[in-house]
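The structure under discussion appears below in the form of structure tokens.
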Amino acid sequence: MKSLNIGIIGFGTVGTGVYNVLKSFKNIKIKKIAVKNINKKRNIENFDESLLTSNAYELANDPEIDVIVEVAGGLDPAFDLLKTAIQNGKHIVTANKELLAKKGSELFKLAKEKKVVILYEAAVAGGIPIIFPIKTILCANKINKIAAILNGTTNYILTKMAEKELSYETALKQAQELGYAETDPTGDVEGFDAAYKIAILSTISFNKKVDINKIYREGITKITSQDIKSAKELGYTIKLIAMGQLLENGEIDVRVHPMLVAKKHLLAKIDNATNSIMLSGYPVGDLVFTGAGAGAEPTASSVVGDILVLASELETTDMPLPQTVCNHNEYAKQIPIGETYNEYYIAINASNSPGVIGLIGTICGQNNINISTIMQKGINNDNTAEIVVITEKSKESDVQKALEELLKSNCIKNIDNLLRVMN
Ligand SMILES: NC(=O)c1ccc[n+]([C@@H]2O[C@H](COP(=O)([O-])OP(=O)(O)OC[C@H]3O[C@@H](n4cnc5c(N)ncnc54)[C@H](OP(=O)(O)O)[C@@H]3O)[C@@H](O)[C@H]2O)c1
């Protein structure tokens, strides 16, 4: 393996994990580490403080550094720093999914011009190897479907809501106390993090650029204990699912939203902070990749793996890993959520009056929706009833229209939730 000088930008959870794992690899020399706050106490044994700088451009412009490892996160200044480093002929290893999902095509174009590579195994599902397998050994396949749990925080919250019958708010608070959720959990609970990851996965799986702004995204903040309970009674568990599908006409359907997942489905069995990716392709068939989607050590496994693969390739060639170069010039045609077909779970709050079930059946029927299950869940103190409907496969725009019509009736008080179903 070639000896490489690396510069690490970011020395938080992932950066310190990478530092610790790299101690075993004598051919990789850490030349400099950039941080935001140089005065912060770093609890690392025998750490040489002189490695630190608060000016990350020192690394991007250092002619002795071969590879920049970017584990700081965010767009600014990461985007400009990586552009500078690439312009200076440095290879990049990054864990930054937001940067790749929003600005990846610009960076990959520049990297191609400058004959350097950008490796990003850690950007999707932390320690699970998924980018490299898709780009290398699975390249003979036409991948047509990905369904995945890509966010550990939301999976942890949903698991605890189901196991301990907690409200969303209580489960989130406990996740924050245990370090599974950040103080501002928006990126995770509103599905942004999973959307960045499925944008990257869909781009490399379907070989066309996916526009992050066209991904339908819905988080878990509206899931109630009642939804979890109803799902359980019906034989389902609720998960935040990121999916990408190549349709027969070549269009693609990419989205992130909570789903009722049938208990027999493999993804229903993925609990707590674990991630899992199911992938279907021809000729390989179905594959499942499961493991730790975050954390210092699992994520360092992917970052250090990328660095070592690079070191090994650079031993014999100046232009390593041609398979990993991203050449996607065309944008995929992404369909809007209204055009998708799904089975649905609809939770309705209605007045306890005769004919309500009939009215729901009629309005669904008029909008091409077949009901497969309808269940009334007792009477509330205010003389309203909770009604749960599961539909057969229907068009989203028809379902939305039916819900609008239902809400015009005096006896329908509210649509408490609409979730899609995966069997
Ligand atoms: N955490 C995970 O398990 C995980 C898993 C997969 C991917 N990732 C991705 O990995 C990246 C890092 O995540 P993390 O959890 O390690 O974050 P983190 O713990 O918040 O650490 C961020 C680090 O970046 C440094 N930093 C921030 N702005 C900087 C700047 N302008 N110049 C130089 N350094 C700067 C911070 O410096 P100070 O220490 O001085 O504050 C800190 O050391 C993100 O893109 C994240 O999405 C994380």
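The values are calculated or read from the model by the stated rules, or taken from the named source; none is laboratory data. Keep in mind that what you see is a predicted model, and the values were worked out from it rather than measured. Here the Cβ is made from the backbone with ideal geometry for all residues, glycine too, and neighbour counts use every protein chain on show. These accessible areas exclude ligands, DNA and RNA; they are computed on the full protein's heavy atoms, side chains included. Shrake-Rupley method; radii C 1.70, N 1.55, O 1.52, S 1.80 Å.
One residue stands out among those in the range 233-256 that are of a type outside the set (A, V, I, L, M, F, W, C), over 14 Å from the mean Cα position of the chain (by Cα) and at negative phi: the one that is most open to solvent (accessible area, probe 1.4 Å), which is Glu248.
Okay, residues lined up against (1) at pLDDT 95 or above; (2) β-branched (Val, Ile, Thr):
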site: Ala95; (1), (2): yes, no
site: Ser105; (1), (2): no, no
site: Val124; (1), (2): yes, yes
site: Thr136; (1), (2): no, yes
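Of all residues in the range 257-287, those that are in contact with a helix residue (DSSP H, G or I) (Cβ under 6 Å, 6 or more places away or on another chain) and surrounded by fewer than 21 Cβ atoms within 10 Å (Cβ to Cβ) total 2.
For Pro133, state whether it is touching a Ser or Thr at 6+ places or on another chain (Cβ under 8 Å) and surrounded by fewer than 22 Cβ atoms within 10 Å (Cβ to Cβ). Spelling it out, it is not the case that Pro133 is touching a Ser or Thr at 6+ places or on another chain (Cβ under 8 Å) and surrounded by fewer than 22 Cβ atoms within 10 Å (Cβ to Cβ). Of everything listed in (1) among the β-branched types (Val, Ile, Thr); (2) open to solvent by less than 70 Å² (accessible area, probe 1.4 Å); (3) free of Cβ contacts under 8 Å to residues at least 60 places away in the same chain, the single unmet condition for Thr362 is (2). For the structure I just gave you, tell me whether Glu218 is acidic (Asp, Glu) and open to solvent by 50 Å² or more (accessible area, probe 1.4 Å). It is false that Glu218 is acidic (Asp, Glu) and open to solvent by 50 Å² or more (accessible area, probe 1.4 Å). Among the candidates Gly291, Gly295, the residue that is open to solvent by less than 30 Å² (accessible area, probe 1.4 Å) and either within 16 Å of the ligand (Cβ to nearest atom) or of a type outside the set (A, V, I, L, M, F, W, C) (or both) is uniquely Gly291. Could you say whether any residue in the range 157-177 is of a type in the set (Asp, Glu), buried (at least 18 other Cβ atoms within 10 Å of the Cβ) and either in the same structural domain as Pro77 (by TED's automatic domain parsing) or more than 13 Å from the ligand (Cβ to nearest atom) (or both)? Taking every residue of the range 157-177 in turn, none turns out to be of a type in the set (Asp, Glu), buried (at least 18 other Cβ atoms within 10 Å of the Cβ) and either in the same structural domain as Pro77 (by TED's automatic domain parsing) or more than 13 Å from the ligand (Cβ to nearest atom) (or both).
The combined condition, being more than 12 Å from the ligand (Cβ to nearest atom), crowded, with 21+ Cβ neighbours inside 10 Å and not in a strand (DSSP E or B), is not fulfilled by Leu99. Say we look at the range 102-128 and pick out the residues that are surrounded by fewer than 16 Cβ atoms within 10 Å (Cβ to Cβ) and in contact (Cβ under 8 Å) with a residue 40 or more places away in the chain; which of these is farthest from the ligand (Cβ to nearest atom)? Per the stated criteria, the residue is Lys115. Pairs meeting the criteria (first residue in the range 71-87 and free of Cβ contacts under 8 Å to residues at least 12 places away in the same chain, second residue more than 8 Å from the ligand (Cβ to nearest atom), beta carbons under 9 Å, at least 6 apart or on different chains) are Asp80/Tyr57; Asp80/Ala60. Of the set (1) part of a strand (DSSP E or B); (2) of a type outside the set (Ser, Thr, Tyr); (3) away from the ligand (no atom under 12 Å from the Cβ); (4) crowded, with 17+ Cβ neighbours inside 10 Å, all apply to Lys29 but (4). Only one entry of Ala347, Ala300 meets the criterion of being within 16 Å of the ligand (Cβ to nearest atom) and not charged (D, E, K, R), and that entry is Ala300. For the range 61-92, enumerate the residues that are within 11 Å of the ligand (Cβ to nearest atom) and either under 19 Å from Leu314 (Cβ atoms) or not in a helix (DSSP H, G or I) (or both). Within the range 61-92, Val69, Glu70, Val71, Ala72, Gly73, Gly74, Leu75, Asp76, Pro77 meet the criteria. Might you check whether a residue that is closer than 30 Å to Met278 by Cα and crowded, with 22+ Cβ neighbours inside 10 Å occurs anywhere in the range 32-45? No, every residue in the range 32-45 fails to be closer than 30 Å to Met278 by Cα and crowded, with 22+ Cβ neighbours inside 10 Å.
The single condition among (1) open to solvent by less than 70 Å² (accessible area, probe 1.4 Å); (2) under 28 Å from the mean Cα position of the chain (by Cα); (3) of a type in the set (S, T, N, Q) that Asn20 does not satisfy is (1). Each residue in the range 117-155 was checked for being in a helix (DSSP H, G or I) and under 14 Å from the mean Cα position of the chain (by Cα), and 8 pass.
Taking the criterion of being free of Cβ contacts under 8 Å to residues at least 12 places away in the same chain and either hydroxyl-bearing (Ser, Thr, Tyr) or near the ligand (Cβ under 10 Å from one of its atoms) (or both), the only residue of the range 42-60 that qualifies is Ser50.
The criterion of at least 3 residues that are of a type in the set (Val, Ile, Thr) and either modelled with pLDDT under 95 or out of contact with any Phe, Trp or Tyr (no Cβ under 9 Å at 6 or more places or on another chain) (or both) is met, among helices (runs of 4 or more DSSP H) falling completely within the range 156-213, by 192-206.
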